[in-house]
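Quick notes on the structure that follows.
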Amino acid sequence: MAIPTETVYGLAARIDLPAAIQSIFTLKERPSFDPLIVHIAELEQLKGLVAEWPPLADALASASWPGPLTLVLPKHPSLNPAITSGLETVGVRMPDHPLTLELIRSTGPLAAPSANKFGHTSPTRAEHVQQEFAREIANGDIIVLDGGPSEVGVESTVIRIASNRIEILRPGGVTADQIKARLAAEGLNTEVETPERNDQRSPGHLEHHYMPRKPLVWSLDETSTQTPLDTTAIGRRLGLPAAAKATVIVLNEDPRLAARELYHLFREADCSTADFIIVRLPRSRKDGLWSAITDRLKRAAQLQWPLQRSDHIP
Ligand code: TXA
Ligand code: MG
(Lines give C-alpha, C1' and ligand atoms only; values in the text may rest on other atoms or scores of the structure.)
(Ligands and ions follow the chains in the order given, each with its own letter.)
Protein backbone atom coordinates (compact mmCIF):
# COMPACT_ATOMS: atom_id res chain seq x y z
CA MET A 1 0.00 0.00 0.00
CA ALA A 2 1.21 3.53 -0.75
CA ILE A 3 0.88 5.78 2.29
CA PRO A 4 1.04 9.56 2.71
CA THR A 5 3.62 11.07 5.05
CA GLU A 6 4.65 14.65 5.71
CA THR A 7 7.90 14.11 3.77
CA VAL A 8 7.07 11.96 0.73
CA TYR A 9 4.69 9.07 0.00
CA GLY A 10 5.93 5.64 1.09
CA LEU A 11 5.38 2.13 -0.25
CA ALA A 12 4.51 0.25 2.91
CA ALA A 13 4.47 -3.33 4.15
CA ARG A 14 3.91 -4.87 7.57
CA ILE A 15 7.24 -5.87 9.13
CA ASP A 16 5.87 -9.29 10.10
CA LEU A 17 4.98 -10.27 6.50
CA PRO A 18 8.22 -11.32 4.72
CA ALA A 19 6.50 -11.76 1.34
CA ALA A 20 5.13 -8.21 1.51
CA ILE A 21 8.59 -6.87 2.44
CA GLN A 22 10.10 -8.74 -0.50
CA SER A 23 7.49 -7.32 -2.88
CA ILE A 24 8.54 -3.76 -1.97
CA PHE A 25 12.03 -4.46 -3.31
CA THR A 26 10.56 -6.11 -6.42
CA LEU A 27 8.00 -3.36 -7.16
CA LYS A 28 10.56 -0.58 -6.70
CA GLU A 29 13.33 -2.49 -8.50
CA ARG A 30 15.34 -1.66 -5.43
CA PRO A 31 18.67 -3.37 -4.73
CA SER A 32 18.61 -5.56 -1.63
CA PHE A 33 21.56 -3.61 -0.11
CA ASP A 34 19.37 -0.54 0.48
CA PRO A 35 17.64 -0.84 3.89
CA LEU A 36 14.06 0.25 4.60
CA ILE A 37 12.91 2.72 7.26
CA VAL A 38 10.36 1.36 9.75
CA HIS A 39 7.48 3.68 10.63
CA ILE A 40 5.78 3.62 14.00
CA ALA A 41 2.79 5.45 15.51
CA GLU A 42 3.66 5.17 19.21
CA LEU A 43 6.82 4.56 21.22
CA GLU A 44 5.56 1.16 22.46
CA GLN A 45 5.94 -0.07 18.87
CA LEU A 46 9.74 0.19 19.26
CA LYS A 47 9.57 -3.12 21.13
CA GLY A 48 10.83 -5.84 18.82
CA LEU A 49 12.37 -3.21 16.51
CA VAL A 50 15.35 -1.73 18.32
CA ALA A 51 17.72 -3.45 20.75
CA GLU A 52 18.61 -0.19 22.54
CA TRP A 53 16.88 3.10 23.20
CA PRO A 54 19.58 5.46 24.51
CA PRO A 55 18.66 8.73 26.29
CA LEU A 56 19.95 10.65 23.27
CA ALA A 57 17.41 8.89 21.03
CA ASP A 58 14.66 9.62 23.52
CA ALA A 59 15.57 13.32 23.66
CA LEU A 60 15.61 13.68 19.88
CA ALA A 61 12.46 11.64 19.35
CA SER A 62 10.52 13.61 21.94
CA ALA A 63 11.53 16.85 20.19
CA SER A 64 10.95 15.75 16.61
CA TRP A 65 8.37 12.94 16.52
CA PRO A 66 6.02 12.73 14.86
CA GLY A 67 8.21 14.34 12.22
CA PRO A 68 10.90 14.02 9.55
CA LEU A 69 13.69 12.47 11.64
CA THR A 70 14.90 8.88 11.20
CA LEU A 71 17.03 7.40 13.97
CA VAL A 72 19.43 4.58 13.10
CA LEU A 73 19.83 2.31 16.13
CA PRO A 74 20.92 -1.27 16.87
CA LYS A 75 18.22 -3.60 15.54
CA HIS A 76 16.27 -6.10 17.60
CA PRO A 77 17.42 -9.67 16.82
CA SER A 78 13.88 -10.72 15.90
CA LEU A 79 13.47 -8.10 13.14
CA ASN A 80 13.44 -9.53 9.60
CA PRO A 81 17.00 -8.90 8.22
CA ALA A 82 15.59 -8.22 4.73
CA ILE A 83 14.27 -4.91 6.12
CA THR A 84 17.73 -3.79 7.25
CA SER A 85 19.61 -5.33 4.30
CA GLY A 86 21.49 -7.51 6.77
CA LEU A 87 22.80 -4.52 8.77
CA GLU A 88 22.93 -4.65 12.56
CA THR A 89 21.03 -1.36 12.69
CA VAL A 90 17.51 -0.25 11.79
CA GLY A 91 16.17 3.19 10.81
CA VAL A 92 12.96 4.15 12.64
CA ARG A 93 10.70 7.17 12.53
CA MET A 94 7.21 8.35 13.49
CA PRO A 95 5.71 10.12 10.46
CA ASP A 96 3.57 13.21 10.96
CA HIS A 97 0.43 12.38 9.04
CA PRO A 98 -2.91 11.67 10.77
CA LEU A 99 -4.13 9.02 8.27
CA THR A 100 -0.87 7.09 8.36
CA LEU A 101 -0.55 7.28 12.15
CA GLU A 102 -4.08 5.88 12.45
CA LEU A 103 -3.24 3.11 9.99
CA ILE A 104 -0.02 2.12 11.81
CA ARG A 105 -1.87 2.01 15.14
CA SER A 106 -3.95 -0.83 13.75
CA THR A 107 -1.42 -2.63 11.49
CA GLY A 108 1.67 -2.32 13.67
CA PRO A 109 4.99 -0.91 12.36
CA LEU A 110 5.26 -0.48 8.58
CA ALA A 111 8.50 -0.65 6.61
CA ALA A 112 8.33 1.92 3.82
CA PRO A 113 10.78 3.39 1.33
CA SER A 114 9.68 6.30 -0.85
CA ALA A 115 7.02 5.15 -3.35
CA ASN A 116 9.06 5.55 -6.55
CA LYS A 117 11.11 3.33 -8.81
CA PHE A 118 14.67 3.07 -7.49
CA GLY A 119 16.75 6.18 -8.22
CA HIS A 120 13.79 8.22 -9.47
CA THR A 121 12.11 11.32 -8.01
CA SER A 122 10.14 10.71 -4.80
CA PRO A 123 6.35 11.25 -4.89
CA THR A 124 4.78 14.03 -2.83
CA ARG A 125 1.18 13.57 -4.03
CA ALA A 126 -1.08 10.57 -4.57
CA GLU A 127 -1.14 11.31 -8.31
CA HIS A 128 2.66 11.04 -8.42
CA VAL A 129 2.38 7.49 -7.08
CA GLN A 130 -0.29 6.84 -9.70
CA GLN A 131 2.08 8.03 -12.46
CA GLU A 132 4.96 6.02 -11.05
CA PHE A 133 3.10 2.72 -10.60
CA ALA A 134 0.19 2.96 -13.08
CA ARG A 135 0.44 -0.71 -14.08
CA GLU A 136 0.87 -2.06 -10.56
CA ILE A 137 -2.09 0.01 -9.35
CA ALA A 138 -4.25 -1.15 -12.28
CA ASN A 139 -3.30 -4.78 -11.44
CA GLY A 140 -4.32 -4.26 -7.83
CA ASP A 141 -0.74 -4.85 -6.56
CA ILE A 142 -0.64 -1.39 -4.96
CA ILE A 143 -3.44 0.58 -3.30
CA VAL A 144 -2.88 4.32 -2.76
CA LEU A 145 -4.08 6.07 0.36
CA ASP A 146 -4.57 9.70 -0.72
CA GLY A 147 -3.59 12.03 2.12
CA GLY A 148 -3.08 15.17 0.03
CA PRO A 149 0.23 16.85 -0.84
CA SER A 150 3.16 16.18 1.53
CA GLU A 151 3.86 19.22 3.73
CA VAL A 152 7.64 18.95 3.95
CA GLY A 153 8.35 17.62 0.44
CA VAL A 154 11.85 16.20 0.98
CA GLU A 155 12.71 13.01 2.85
CA SER A 156 13.49 12.68 6.53
CA THR A 157 16.88 13.46 8.04
CA VAL A 158 18.64 10.15 8.74
CA ILE A 159 20.97 10.20 11.74
CA ARG A 160 23.10 7.58 13.39
CA ILE A 161 23.60 7.83 17.11
CA ALA A 162 26.99 6.69 18.38
CA SER A 163 27.98 6.89 22.05
CA ASN A 164 28.58 10.62 22.23
CA ARG A 165 28.35 11.59 18.62
CA ILE A 166 25.65 12.01 16.03
CA GLU A 167 26.27 11.54 12.33
CA ILE A 168 23.87 12.98 9.80
CA LEU A 169 23.75 10.30 7.09
CA ARG A 170 21.19 12.12 4.95
CA PRO A 171 20.15 15.77 5.39
CA GLY A 172 16.37 16.18 5.39
CA GLY A 173 13.30 17.78 6.93
CA VAL A 174 14.87 18.34 10.37
CA THR A 175 17.90 20.63 10.16
CA ALA A 176 21.30 20.17 11.84
CA ASP A 177 20.64 23.39 13.78
CA GLN A 178 17.37 22.02 15.13
CA ILE A 179 19.18 18.87 16.28
CA LYS A 180 21.94 20.92 17.91
CA ALA A 181 19.42 23.19 19.64
CA ARG A 182 17.64 20.20 21.09
CA LEU A 183 20.85 18.69 22.39
CA ALA A 184 21.85 22.03 23.93
CA ALA A 185 18.43 22.32 25.60
CA GLU A 186 19.02 18.91 27.18
CA GLY A 187 22.46 20.05 28.38
CA LEU A 188 24.07 17.30 26.27
CA ASN A 189 27.60 17.76 25.06
CA THR A 190 27.25 15.77 21.85
CA GLU A 191 29.16 16.30 18.65
CA VAL A 192 27.06 16.55 15.49
CA GLU A 193 28.84 15.62 12.29
CA THR A 194 27.15 17.37 9.42
CA PRO A 195 27.22 16.06 5.82
CA GLU A 196 29.69 18.76 4.74
CA ARG A 197 32.31 17.41 7.12
CA ASN A 198 31.32 13.76 6.89
CA ASP A 199 30.84 12.25 3.50
CA GLN A 200 29.66 8.93 4.83
CA ARG A 201 26.17 8.17 3.59
CA SER A 202 23.37 5.72 4.11
CA PRO A 203 23.88 2.63 1.97
CA GLY A 204 21.13 3.52 -0.49
CA HIS A 205 21.80 7.24 -0.67
CA LEU A 206 23.79 7.07 -3.86
CA GLU A 207 25.50 9.67 -5.97
CA HIS A 208 22.70 9.46 -8.54
CA HIS A 209 19.29 9.51 -6.98
CA TYR A 210 15.98 11.44 -6.98
CA MET A 211 16.36 11.85 -10.75
CA PRO A 212 13.67 13.06 -13.13
CA ARG A 213 13.53 11.27 -16.50
CA LYS A 214 14.94 14.29 -18.36
CA PRO A 215 18.47 15.61 -17.85
CA LEU A 216 18.63 18.14 -15.04
CA VAL A 217 21.10 20.98 -14.54
CA TRP A 218 21.25 23.04 -11.39
CA SER A 219 22.45 26.56 -11.42
CA LEU A 220 23.96 28.36 -8.47
CA ASP A 221 23.80 31.83 -9.90
CA GLU A 222 25.34 34.04 -7.27
CA THR A 223 24.32 37.25 -9.01
CA SER A 224 20.60 36.91 -9.55
CA THR A 225 18.07 34.37 -10.75
CA GLN A 226 16.91 37.10 -13.15
CA THR A 227 20.17 36.92 -15.10
CA PRO A 228 19.50 35.16 -18.41
CA LEU A 229 21.14 31.76 -18.74
CA ASP A 230 22.81 30.57 -21.91
CA THR A 231 20.47 27.59 -22.33
CA THR A 232 21.94 26.73 -25.74
CA ALA A 233 25.40 26.32 -24.22
CA ILE A 234 23.95 24.18 -21.42
CA GLY A 235 22.06 21.98 -23.90
CA ARG A 236 25.24 21.57 -25.94
CA ARG A 237 27.22 20.59 -22.85
CA LEU A 238 24.53 17.94 -22.18
CA GLY A 239 25.13 16.61 -25.69
CA LEU A 240 21.67 17.65 -26.92
CA PRO A 241 20.89 19.07 -30.39
CA ALA A 242 20.96 22.87 -30.80
CA ALA A 243 17.16 22.99 -31.02
CA ALA A 244 16.74 21.33 -27.61
CA LYS A 245 14.41 23.26 -25.33
CA ALA A 246 14.90 23.96 -21.64
CA THR A 247 12.34 24.44 -18.93
CA VAL A 248 13.61 26.63 -16.09
CA ILE A 249 12.50 26.12 -12.49
CA VAL A 250 13.24 29.02 -10.15
CA LEU A 251 13.02 27.82 -6.57
CA ASN A 252 11.19 29.83 -3.95
CA GLU A 253 13.36 31.91 -1.59
CA ASP A 254 11.62 30.34 1.38
CA PRO A 255 13.28 26.93 1.76
CA ARG A 256 10.13 25.39 3.25
CA LEU A 257 8.19 26.29 0.09
CA ALA A 258 11.10 25.34 -2.17
CA ALA A 259 11.30 21.89 -0.52
CA ARG A 260 7.53 21.37 -0.62
CA GLU A 261 7.35 22.04 -4.37
CA LEU A 262 10.67 20.55 -5.48
CA TYR A 263 9.63 17.05 -6.58
CA HIS A 264 6.29 18.23 -7.97
CA LEU A 265 8.17 20.72 -10.18
CA PHE A 266 10.54 17.93 -11.33
CA ARG A 267 7.53 15.87 -12.37
CA GLU A 268 5.78 18.77 -14.11
CA ALA A 269 8.98 19.43 -16.05
CA ASP A 270 9.17 15.74 -16.96
CA CYS A 271 5.62 15.98 -18.39
CA SER A 272 6.34 19.22 -20.30
CA THR A 273 7.53 19.45 -23.91
CA ALA A 274 11.00 20.58 -22.80
CA ASP A 275 14.04 18.39 -23.45
CA PHE A 276 15.96 19.27 -20.31
CA ILE A 277 15.43 20.93 -16.95
CA ILE A 278 17.34 23.79 -15.33
CA VAL A 279 16.81 24.49 -11.63
CA ARG A 280 17.93 27.89 -10.36
CA LEU A 281 18.55 28.46 -6.69
CA PRO A 282 17.88 31.84 -5.12
CA ARG A 283 20.87 33.88 -4.03
CA SER A 284 19.77 34.19 -0.40
CA ARG A 285 20.39 30.64 0.74
CA LYS A 286 21.37 29.96 4.31
CA ASP A 287 21.93 26.52 5.79
CA GLY A 288 18.92 24.82 7.34
CA LEU A 289 16.59 23.14 4.89
CA TRP A 290 18.76 24.27 1.95
CA SER A 291 21.24 21.48 2.84
CA ALA A 292 18.55 18.91 2.07
CA ILE A 293 17.43 20.70 -1.10
CA THR A 294 20.95 21.06 -2.54
CA ASP A 295 21.78 17.47 -1.57
CA ARG A 296 18.81 16.26 -3.65
CA LEU A 297 19.66 18.59 -6.55
CA LYS A 298 23.28 17.42 -6.68
CA ARG A 299 22.18 13.80 -6.89
CA ALA A 300 19.36 14.46 -9.36
CA ALA A 301 21.52 16.56 -11.68
CA GLN A 302 23.75 15.70 -14.61
CA LEU A 303 25.56 18.99 -14.34
CA GLN A 304 26.10 22.11 -12.30
CA TRP A 305 26.13 25.43 -14.14
CA PRO A 306 28.35 27.44 -14.42
CA LEU A 307 30.62 24.44 -14.97
CA GLN A 308 32.76 23.42 -12.04
CA ARG A 309 36.46 22.74 -12.35
CA SER A 310 35.84 18.97 -12.15
CA ASP A 311 33.46 19.12 -15.15
CA HIS A 312 36.38 20.14 -17.36
CA ILE A 313 38.42 17.05 -16.57
CA PRO A 314 37.98 14.74 -19.56
O1 TXA B 1 11.03 10.65 4.65
C2 TXA B 1 11.41 9.50 4.50
O3 TXA B 1 12.39 9.04 5.10
C4 TXA B 1 10.63 8.61 3.50
C5 TXA B 1 9.22 8.40 4.06
C6 TXA B 1 8.42 7.43 3.24
O7 TXA B 1 9.31 8.00 5.39
N8 TXA B 1 11.30 7.39 3.29
C9 TXA B 1 12.43 7.30 2.56
O10 TXA B 1 12.85 5.99 2.39
O11 TXA B 1 13.01 8.24 2.08
P12 TXA B 1 13.97 5.56 1.35
O13 TXA B 1 14.03 4.10 1.45
O14 TXA B 1 13.68 6.14 0.05
O15 TXA B 1 15.29 6.13 1.96
C16 TXA B 1 15.71 5.65 3.22
C17 TXA B 1 17.19 5.67 3.33
C18 TXA B 1 17.82 4.48 2.64
O19 TXA B 1 18.27 4.79 1.36
C20 TXA B 1 18.98 4.15 3.51
O21 TXA B 1 20.14 4.67 2.95
C22 TXA B 1 18.69 4.85 4.83
O23 TXA B 1 17.49 5.50 4.73
N24 TXA B 1 18.64 3.84 5.89
C25 TXA B 1 17.61 3.04 6.24
N26 TXA B 1 17.99 2.20 7.21
C27 TXA B 1 19.30 2.46 7.47
C28 TXA B 1 20.29 1.90 8.35
N29 TXA B 1 20.00 0.90 9.16
N30 TXA B 1 21.53 2.44 8.34
C31 TXA B 1 21.83 3.47 7.51
N32 TXA B 1 20.95 4.02 6.66
C33 TXA B 1 19.71 3.52 6.63
MG1 MG C 1 13.87 6.94 -1.77
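The values are calculated or read from the model by the stated rules, or taken from the named source; none is laboratory data. Treat the numbers as computed from the prediction; the structure is a model and nothing was measured. For neighbour counting, all protein chains shown are included, and Cβ atoms are generated from backbone atoms with ideal geometry for every residue, glycine included. Ligands, DNA and RNA are stripped out before the accessible areas are found, and what is left, the full protein with its side chains, is counted by its heavy atoms. Shrake-Rupley method; radii C 1.70, N 1.55, O 1.52, S 1.80 Å.
Using the heavy atoms of the protein chains alone and a 1.4 angstrom probe, what is the accessible area of region 216-305 per residue in square angstrom?
On a per-residue basis, 47 Å².
What angle do you read, to the nearest 10 degrees and between 0 and 90, between the alpha-carbon axis of helix 55-64 and the longest principal axis of the chain?
Here the helix axis deviates by roughly 60 degrees.
Could you tell me what percent of the accessible area of the chain is made up of carbon and sulfur, with a 1.4 Å probe and every protein chain present?
52
May I ask you to order 69-75, 238-244 by the average number of other C-beta atoms within 10 Å around their residues, highest value first?
Those peptides, ordered most packed to least, come out 69-75, 238-244.
At a 1.4 Å probe radius, which order do 144, 154 fall into by accessible area, largest first?
144, 154
Using θ = phi - 60° and the Karplus relation 6.51 cos²θ - 1.76 cosθ + 1.60, list the HN-Hα couplings for region 272-289 in order, rounded to whole Hz, with x at every Gly or Pro.
7, 8, 5, 9, 8, 10, 10, 10, 9, 9, x, 5, 7, 9, 10, 4, x, 5
Label region 216-305 by shape, choosing from rounded, prolate and oblate, from the square roots a ≥ b ≥ c of the eigenvalues of the Cα gyration tensor; if a/c is under 1.5 it is rounded, and otherwise prolate applies when a/b is larger than b/c, oblate when it is not.
Note, shape of region 216-305 comes out prolate.
Find which of 279, 232, 301 sits farthest along the positive direction of the dipole of the chain, computed with +1 on the beta-carbon of Lys and Arg, -1 on that of Asp and Glu, about the Cα centre.
Result: 232, furthest along the dipole toward the positive end.
If you take the square roots of the eigenvalues of the alpha-carbon gyration tensor of region 90-249 and sort them as a ≥ b ≥ c, do you get rounded (a/c under 1.5), prolate (a/b over b/c) or oblate?
Note, shape of region 90-249 comes out oblate.
Could you size up the charge dipole of region 11-151 around its Cα centre, putting +1 on the beta carbon of Lys and Arg and -1 on that of Asp and Glu, and report it in debye to the nearest 20?
Here region 11-151 has a charge dipole of around 240 debye.
Greater than 24 Å separation of Cα atoms is the criterion. Which listed pairs, 245/286; 28/214; 75/298; 214/286, meet it?
245/286; 75/298; 214/286
Over region 2-193, calculate the relative contact order: mean separation of alpha carbon pairs under 8 Å at least 6 apart, over the residue count, as a percent.
30
Measuring with a 1.4 Å probe in the full set of protein chains, what accessible area per residue, in whole Å², belongs to region 2-193?
Per residue, region 2-193 has an accessible area of 40 Å².
Amide H neighbours of residue 279 under 5 Å, counting only residues 5+ apart in sequence or on other chains, H built in-plane at 1.01 Å?
Close amide H contacts, sequence-distant or interchain: 217, 218, 219, 249.
So what are region 63-135's ellipsoid semi-axes, whole angstrom, largest first, if each one is the square root of 5 times an eigenvalue of the alpha-carbon gyration tensor?
23, 17, 12
Along the principal axes of its C-alpha atoms, what lengths does the chain span, in descending order and rounded to whole Å?
Ordered largest first, the chain gives principal extents of 59, 52, 36 Å.
Treating only the Cβ atoms of Lys and Arg (+1) and Asp and Glu (-1) as charged, compute the dipole magnitude of region 216-305 about its Cα centre; round to the nearest 20 debye.
With only Lys, Arg, Asp and Glu charged at Cβ, the dipole is about 160 debye.
Given Cβ point charges of +1 (Lys, Arg) and -1 (Asp, Glu) and nothing else, what value in debye, to the nearest 20, does the dipole of the chain about its Cα centre take?
Approximately 640 debye in magnitude.
GluC sites (Glu not before Pro) within region 94-159: which are DSSP loop residues with at most 16 other Cβ atoms inside 10 Å?
none
Below 8 Å between Cα atoms, with a sequence gap of 6+, how large is the relative contact order for region 216-305 in percent?
51
I'd like to compare 295-308, 103-116: which one has the highest average count of other Cβ atoms within 10 Å, and what's the full order after that?
103-116, 295-308
Per DSSP H run of at least 4 residues, take -39500 (n - 2.57); add these up for the chain, divide by its residues and hand me the 222 nm value, nearest 500 deg cm²/dmol.
Value at 222 nm, helices only, nearest 500: -8500 deg cm²/dmol.
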